[in-house]
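First comes the structure, then the notes that go with it.
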Amino acid sequence: MEFAAVPEDYVAGFAVLVGRPNAGKSTLTNALVGQKVAITSNRPQTTRHTVRGIVHREHSQLILIDTPGLHRPRTLLGERLNDLVGETLAEVDVIGFCIPADERIGPGDRFIASQLAASGSKPVVAIVTKSDAVSPERLAEQLLEVSRLGNETMTAERAAREERRRRQADPQRRGGKKKKAPGPFSRDAGPRPSETPAHDDGQGGWADIIPVSAVQGYQVEAVADLLSTYLPDSPPLYPEGDLTDEPEAVMVAELVREAALEGVRDELPHSVAVTVEEMIEREDRPEDDPMIDVHVNLYVERESQKAIIIGKRGARLREIGTTARGGIEALLGTRVYLSIHVKVAKDWQRDPRALGRLGF
Ligand SMILES: Nc1nc2c(ncn2[C@@H]2O[C@H](COP(=O)(O)OP(=O)(O)OP(=O)(O)O)[C@@H](O)[C@H]2O)c(=O)[nH]1
């Protein structure tokens with residue numbers, strides 16, 4: 001691409017949307033990018049893989065990374081998800097913390113806020129999502145509560161940081177005997193660089209707070225503008241027109257997984273995983289009507305779950321296949337033959353080798 005044509009004040013960089021499951025991250029990503037790239041569903045935690053959307057503007061390029069909901073780890077898989085989120089936070093220029101307008105701020109939000117405050121070095125914009133779902137009065141209240149949350153978590157984190165610094169500067173306060181004066185390379189020599197706040201927004205809380213409705217398109221542009229103000233001067237990082245750089249196979253797997261979760265009575269989002277074994281163009285097809293053979297494995301943890309997925313005489317599995325095939329055909333732009341093999345992989349969530357095989 002031709003960088004010489006880029007305006008002098010061009011900015012480009014990475015943003016990540018975090019928030020508890022169902023907070024509206026995927027829907028907002030899609031609204032910002034203007035095309036469906038992440039997978040949305042009304043079930044929590046469907047977004048396992050990092051899916052990027054790119055917002056191209058005349059003077060900016062905002063690369064959005066959509067992460068799974070940051071949450072308290074329960075299983076090894078949960079821990080992996082949180083690791084992934086931690087790594088992503090370190091790589092971005094700005095963090096958008098999504099908090100839905102139509103739910104009270106809860107322990108999940110507080111947990112995430114404290115994690116963000118502790119990681120400390122990146123500006124955090126609080127985005128109050130689904131603002132169409134509540135009255136203006138309730139929205140105003142929620143904005144106040146979000147601002148309060150920012151003040152509480154950031155202030156508490158700063159106090160804790162200050163306390164750590166004091167303890168390190170004064171060994172007696174740590175309850176031990178008085179030691180020799182610390183040498184220059186000792187841990188007691190003062191605050192370590194990582195404990196110095198790299199970003200101080202001067203407000204005691206969030207870098208900014210903004211309400212949005214991804215569904216009604218209210219303030220979507222404003223969110224893109226606001227996030228872009230935190231990007232560094234840089235030429236575009238991706239050629240224009242790239243909406244996602246996610247490998248197709250990952251999207252295909254997500255489409256199958258999403259279809260498999262729809263309509264399942266019990267919430268089993270962590271018990272289903274999908275791998276794409278093969279995607280090959282079928283030979284001997286007319287040139288104007290190609291077809292791709294897609295073979296996937298759908299893993300569940302128990303025989304009982306396998307029975308749920310397959311359904312009576314295979315009825316559910318056929319439905320899953322039809323729904324997923326529709327999405328995959330739209331994605332690939334050709335006809336698709338989809339075959340799904342349902343397999344039981346016992347306790348795959350707790351088995352690191354199985355997790356590796358499944359791409360985590
Ligand atoms: N009314 C309204 N509903 C919304 C809006 N944005 C998202 N939703 C709904 O909220 C639900 C969750 O949205 P997602 O975008 O899948 O949420 P998420 O945070 O990506 O969820 P996970 O993938 O589970 O982390 C879906 O049913 C959406 O239709 C909005 O602006 N207004």
List Phe111, Phe14, Phe97 from most exposed to least, where exposure is judged by having the fewest other Cβ atoms within 10 Å. Phe111, Phe14, Phe97
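Cβ under 13 Å from Val215's Cβ, Val215 left aside: what net charge do those residues give with Lys, Arg +1 and Asp, Glu -1?
On the way: positive: Lys130; negative: Asp102, Asp132.
That works out to -1.
Determine, for each peptide in 15-25, 307-317, the mean count of other beta carbons within 10 angstrom over its residues, then list the peptides with the highest first. Each step should come with its number before you reach the end.
Numbers: 15-25: 24.2, 307-317: 14.0.
The densest-packed peptide leads the list: 15-25, 307-317.
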Ascending count of other beta-carbon atoms within 10 Å, so fewest first, for Ile328, Ile340: Ile340, Ile328
Calculate the length of the line joining the C-alpha centroid of segment 304-331 to that of segment 86-105, in whole Å. 33 Å
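Treat the count of other C-beta atoms within 10 Å as a stand-in for reagent exposure and order Lys130, Lys122 from fewest to most.
Numbers: Lys130 25, Lys122 19.
Exposure proxy ranking, most exposed first: Lys122, Lys130.
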Determine ³J(HN,Hα), in whole Hz, for all residues of segment 297-312 in sequence, where each value follows from phi through the Karplus function 6.51 cos²θ - 1.76 cosθ + 1.60 and θ = phi - 60°; x replaces Gly and Pro. 9, 10, 9, 10, 8, 9, 4, 5, 6, 4, 4, 5, 4, 6, x, 5
The ³J(HN,Hα) series, computed from each phi in segment 131-140 with the Karplus coefficients 6.51, -1.76 and 1.60 at θ = phi - 60°, rounded to the nearest Hz and given as x for glycine or proline, is 5, 5, 7, 10, 6, x, 5, 5, 4, 4
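All of the numbers you see were taken from the coordinates with simple rules; none came from a lab. Keep in mind the model is a prediction, meaning the values are calculated, not measured. Cβ atoms come from the backbone with ideal geometry, glycine included; neighbour counts cover every protein chain shown.
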